[in-house]
1. Residue 94: accessible area at probe 1.4 Å, nearest 10 Å²?
2. Pop out the ³J(HN,Hα) list for the range 91-108 in order, Karplus 6.51 cos²θ - 1.76 cosθ + 1.60 with θ = phi - 60°, rounded to Hz; leave Gly and Pro as x.
3. Residue 143's amide H: which non-local residues (gap 5+, or another chain) put their own amide H closer than 5 Å, with H modeled 1.01 Å from N in plane and none for Pro or chain starts?
4. Ranked highest first by the average count of other Cβ atoms within 10 Å around their residues, in what order do 47-60, 260-273, 363-376 fall?
5. How far, in nm, would the chain grow between residue 51 and residue 132 when pulled straight, counting 0.36 nm per residue and subtracting the alpha carbon separation?
6. Quick one: order 274, 215 from most to least accessible surface, probe 1.4 Å.
7. Rank 192, 142, 206 by accessible area, highest first, at a 1.4 Å probe radius?
8. When all protein chains stay in place, what accessible area (Å², nearest 10, 1.4 Å probe) is found for residue 181?
Amino acid sequence: MVEPSRNPTTPRPLQISGAGGPIDFERIRDLLPALIDSLADAVLVVDRDRVVVAANRRYLEAFGSGSGHVASRKCTDTLRCPEVDAAGGDCPACAVFRLQIPQRFIRTVADKSGTLRRWEATFTPVLDRTQAVSHVVEVWREITERTQLELQLAQSERLAATGILAAGVAHEINNPLASILAGVESLGRWIERREFDAAGVQEAAETVNTLSREIDRCRITTDKLRLLGRSYEATPTWVDLNAAVLDSLSLLRYEMRRRGIEAVEHLDPALPQIWAREAGMRGVCMNLMLNAVQAMDGNGRLEITTRKVADQIVLEVGDTGPGIPPQNIDRIWNPFFTTKGSGQGTGLGLPITNRIVDRHGGRIKVESTPGQGARFIVELPVQGPGGES
């Protein structure tokens, strides 16, 4: 049941005329507890003193104390705020009282059984007659299953991208492997000759250096693939977006050469690192760049730009393809929507990219004129939530 506080304010009964007769707001008020109790989301209401005014059944099931009662208690006694615990800052409800605007967060919080679950929490202000915030309504929606599904879809998209990149990666590895094989055969012949004069030793040393260099080439390529394939839920860190762009370009070089596509880079050398999940940022770069490459049939140009604007960094990925028809501009963000041919895409790249950018506190938009290509613009805070919101 919805738990009222001990001293609720009794509203004045109101009636207005409707098409079907008078509407009895007194009766609607009596129904509200049952209506709120029927919600699948956990709902909590706190007042200016951070005291719980009401909590619905779902909230009590998820976060309630052993006694099952939370009304008239401090909100901090029912659910600890990570912001307060970690940095002594405002909790989201406190921020709503101070800023008078809604707040939204993605949180991993343990329920009362101790099980970690993923929640999407919204904190909405309630204004009194003086337009001051009198209460804050917290709505907690569990998204554990949705998050797991998103991770599975993201993994599917990365596997699809890896399949497309397979020929290029094989090329990048096979070339140094051929050099390594030739070097090993050369060393074998040198040993067979048993000629250990100064010239022979010099030749052997040069061969060993070549082997070391080619092995490094293989390692660098596999490291880039490994970073691209890491879980999007990895711990946030300071990420060099320019490095992510260059690594993605190197993995796409073979596909670009095959299609006759030129890469033009305008990367700000003074671009600051951003607080983010590295695999997520590399996924954003790869998804946008691969999408652009696939949009061009040949003799096209891929243009990548990075720059800093105020406390944000901007990543732009443009192509000279056919552009996006106006009727599809909004649809490209929908999962599984694609205009690519069979085997070229899953329709998940842009929706996943949009989700990753949103969780990092940024935004993504597209500019396109049919016949003149498309340009995707990503704006990300330098010190954002790191993929948590």
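1. Solvent-accessible area, nearest 10 Å²: 30 Å².
2. 7, x, 4, 4, 5, 5, 4, 7, 8, 6, 9, x, 10, 9, 9, 10, 10, 9
3. So residue 143 has HN proximity to 118, 119, 120.
4. The densest-packed peptide leads the list: 47-60, 363-376, 260-273.
5. That pair, residue 51 and residue 132, stretches by 27.5 nm at full extension.
6. Heavy-atom accessible area, descending, gives 215, 274.
7. Result of the area sort, largest leading: 192, 206, 142.
8. That residue has around 100 Å² of solvent-accessible surface.
The values are calculated or read from the model by the stated rules, or taken from the named source; none is laboratory data. Since we're looking at a predicted model, the values are computed, not measured. Using ideal geometry, Cβ is built from the backbone for each residue, glycine included, and neighbour counts are taken over all protein chains shown. The protein model used for the area step is the full one, side chains on, heavy atoms only, and it has no ligands, DNA or RNA in it. Shrake-Rupley method; radii C 1.70, N 1.55, O 1.52, S 1.80 Å.
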